[in-house]
Amino acid sequence: MADEHSVVHRIAGLRDPVDRLRAVTAQLVVSQREVNQLARLRRETIQGLHDSGMSYAQIADAVGVSRGRIHQIKHAGPPPEAAFLGTDVVTILTPLKQDKIGDRPVVAVEDVAGAQQLADLARGLGLEVVFEHIPVGGAVNLNREGLVVICGPRLSKPVANVLAQDPVLRFARPKGGPYMLVDARAGKTHKSGSDETPASPSDVAYLGRLSRPDGAGTVLVFTGIHPPGSLGVVEFLRTQLGDLYADVGTERFSTLIGTDYDPSTNLPANVKRLTPLYRMEAAR
């Protein structure tokens, strides 16, 4: 944490009380975020020591607190898997599309629902949430921290360029045909059930953490071949985030998620991974 004494001293030295109040309010937000993340890191470290073979009594002795205190603080603060989505503020991006009838920008109903559900998950993990739209045309700055992008390659060139980094999983579209997802490692093609004959209420989605365009960080991207697939990813994260974080942490990876959904609502009825968790380094 920053030199807390110097920060407090600087703010206390502000002569204008309104300026002082504004500075205190802003600093409290920053400090609370740091406290939340330190609590998450402490909780994760305790669990890691316990998983490595130390008893809670041994951990307590090493830290100089009681065993009861260790049991208490290992449940305090955000859970470790919160780091999968971000560290303090998560920005959820969804694309705008041109309405063919009203000739105005609109967002898919499923994208709105997915973004709201993902926001509820993030807030439950102690994170703040901001919503943004990728404008029609797809121009967007992906060189920012804490981005979760619910968008495919068709609607945004910057997103398509990020997805193109993946050496194993990729979107493909045969001439005159629908989009599909290809697993080059397994030599398999995954299609949406709604594009098959006969059609079925199922979809396939991409989920991955990839490098930002500037190479200075990562961006979490997911999208279904069709919107119900994106809802399936949100359901997968809601129900299996702990296991996913245990497997890949915050490292770069990708996988495909299959979703069977209720055709009357497009809501997921069953979700599952269709591929291994491909780590970027191992996949090269």
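The values are calculated or read from the model by the stated rules, or taken from the named source; none is laboratory data. Please read these numbers as outputs of a predicted model, since none were measured by experiment. Note: ideal-geometry Cβ built from the backbone for every residue, glycine included; neighbour counts use all protein chains shown.
Assuming residue 171 fulfils every condition listed in (1) under 16 Å from residue 203 (Cβ atoms); (2) modelled with pLDDT under 95 apart from one, which condition is it?
Single failed check for residue 171: (2).
Per-residue answers, yes or no, for (1) more than 20 Å from residue 163 (Cα to Cα); (2) charged (D, E, K, R):
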site	(1), (2)
128	yes, yes
134	no, no
140	no, no
145	no, yes
149	no, no
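Of all residues in the range 144-201, count the ones that are in contact (Cβ under 8 Å) with a residue 24 or more places away in the chain, outside any loop (DSSP other than H, G, I, E, B) and of a type in the set (Val, Ile, Thr).
5
Test of understanding: among 110, 44, which residue is part of a helix (DSSP H, G or I), of a type in the set (Asp, Glu) and free of Cβ contacts under 8 Å to residues at least 40 places away in the same chain?
44
Within the range 195-222, can you find the residues that are within 15 Å of residue 178 (Cα to Cα) and within 17 Å of the chain's Cα centre (by Cα)?
205
Checking the conditions here, which among 158, 227 is surrounded by 14 or more Cβ atoms within 10 Å (Cβ to Cβ) and either in contact with a His (Cβ under 9 Å, 6 or more places away or on another chain) or at pLDDT 95 or above (or both)?
So the residue among 158, 227 that is surrounded by 14 or more Cβ atoms within 10 Å (Cβ to Cβ) and either in contact with a His (Cβ under 9 Å, 6 or more places away or on another chain) or at pLDDT 95 or above (or both) is 158.
Restricting attention to the range 196-209, and to residues there that are surrounded by 16 or more Cβ atoms within 10 Å (Cβ to Cβ) and charged (D, E, K, R), which single residue is nearest to residue 277 (Cα to Cα)?
209
Looking only at the range 51-71, how many residues end up being within 23 Å of residue 246 (Cβ to Cβ) and free of Cβ contacts under 8 Å to residues at least 12 places away in the same chain? Please lay out each step first, then the result.
Restricting attention to the range 51-71, the residues satisfying the condition of being within 23 Å of residue 246 (Cβ to Cβ) are 51-56, 58-59, 70-71.
Subsequent filtering for residues that are free of Cβ contacts under 8 Å to residues at least 12 places away in the same chain retains 51-55, 58.
The total comes to 6.
For the range 74-83, indicate whether the set of residues that are outside any loop (DSSP other than H, G, I, E, B) and over 21 Å from the mean Cα position of the chain (by Cα) is non-empty. Full working, then the answer.
Step one: filter the range 74-83 for residues outside any loop (DSSP other than H, G, I, E, B), giving 80-83.
Next, from what is left, pick out any that are over 21 Å from the mean Cα position of the chain (by Cα): none.
Scanning the range 74-83 turns up no residue that is outside any loop (DSSP other than H, G, I, E, B) and over 21 Å from the mean Cα position of the chain (by Cα).
Run down 232, 242 and say which single residue is outside any strand (DSSP E or B) and either crowded, with 16+ Cβ neighbours inside 10 Å or aromatic (Phe, Trp, Tyr) (or both).
232
Conditions first: (1) part of a helix (DSSP H, G or I); (2) buried (at least 21 other Cβ atoms within 10 Å of the Cβ). Residue 259 passes all but one, so which condition is the exception?
For residue 259, the failing item is (1).
Just to be sure, is residue 250 within 15 Å of the chain's Cα centre (by Cα), in a helix (DSSP H, G or I) and surrounded by fewer than 21 Cβ atoms within 10 Å (Cβ to Cβ)?
Details: within 15 Å of the chain's Cα centre (by Cα): yes; in a helix (DSSP H, G or I): no; surrounded by fewer than 21 Cβ atoms within 10 Å (Cβ to Cβ): yes.
No: the conditions fail for residue 250.
Considering only the range 78-113, state which residues are of a type outside the set (A, V, I, L, M, F, W, C) and under 28 Å from residue 39 (Cα atoms).
Within the range 78-113, 78, 79, 80, 81, 86, 87, 88, 91 qualify.
Pull out all pairs, ordered by first then second residue, where Cβ-Cβ is under 6 Å, the residues are six or more apart or on different chains, the first lies in the range 75-95 and is in the same structural domain as residue 239 (by TED's automatic domain parsing) and surrounded by fewer than 19 Cβ atoms within 10 Å (Cβ to Cβ), and the second is among the β-branched types (Val, Ile, Thr) and not in a loop (DSSP other than H, G, I, E, B).
Close Cβ pairs (under 6 Å, with a partner that is among the β-branched types (Val, Ile, Thr) and not in a loop (DSSP other than H, G, I, E, B)) amount to 91/130.
Tally time: how many residues in the range 132-143 are surrounded by fewer than 18 Cβ atoms within 10 Å (Cβ to Cβ) and part of a loop (DSSP other than H, G, I, E, B)?
7
Given the condition more than 29 Å from residue 249 (Cβ to Cβ), in contact with a helix residue (DSSP H, G or I) (Cβ under 8 Å, 6 or more places away or on another chain), not in a helix (DSSP H, G or I) and not charged (D, E, K, R), answer yes or no: does some residue in the range 50-73 qualify?
The answer is yes, given that some residue of the range 50-73 is more than 29 Å from residue 249 (Cβ to Cβ), in contact with a helix residue (DSSP H, G or I) (Cβ under 8 Å, 6 or more places away or on another chain), not in a helix (DSSP H, G or I) and not charged (D, E, K, R).
For the range 263-278, which residues satisfy the criterion of being modelled with pLDDT of 95 or more and farther than 16 Å from residue 237 by Cα?
Listed by number, the list holds a single entry, 278.
Evaluate the following for residue 126: is it more than 20 Å from residue 207 (Cα to Cα) and assigned by TED's automatic domain parsing to the domain that holds residue 152?
When the stated conditions are applied, residue 126 passes them.
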